[in-house]
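Structure first, commentary second.
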Amino acid sequence: MQIKFGILKKGDTVLNVWDNHIAVKKKNGDVEIYQFYLDDEGLPRLAENTVLVTQGDGSISAKAGDGSVEVMTF
């Protein structure tokens, strides 16, 4: 079976694929890490949450998809 993930945008490159993760370098230099899994029926799915690595001062934040909750640590 071949599983195809159509997650790249123009200028993006794949940095690494391991276990059930895909690391994508965005055109602007950010790196987004996607997680995938097989559901109960054996179909491939992308997890709703990703990890985004950007330029910054060492802080970490988490934000709900609708932007309603944001938690920051330093």
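In segment 14-32, the qualifying residues are those that are in contact (Cβ under 8 Å) with a residue 12 or more places away in the chain and farther than 23 Å from Met1 by Cα, and the one that is most open to solvent (accessible area, probe 1.4 Å) is Lys27.
One residue stands out among those in segment 33-59 that are open to solvent by 80 Å² or more (accessible area, probe 1.4 Å) and of a type in the set (Asp, Glu): the one that is farthest from Met1 (Cα to Cα), which is Asp57.
The values are calculated or read from the model by the stated rules, or taken from the named source; none is laboratory data. Quick caveat: nothing in here was measured; it's all calculated off a predicted structure. Every residue, glycine as well, gets a Cβ built from its backbone with ideal geometry; the counts of neighbours run over all protein chains shown. Only protein heavy atoms, including side chains, enter the accessible area calculation; ligands, DNA and RNA are left aside. Shrake-Rupley method; radii C 1.70, N 1.55, O 1.52, S 1.80 Å.
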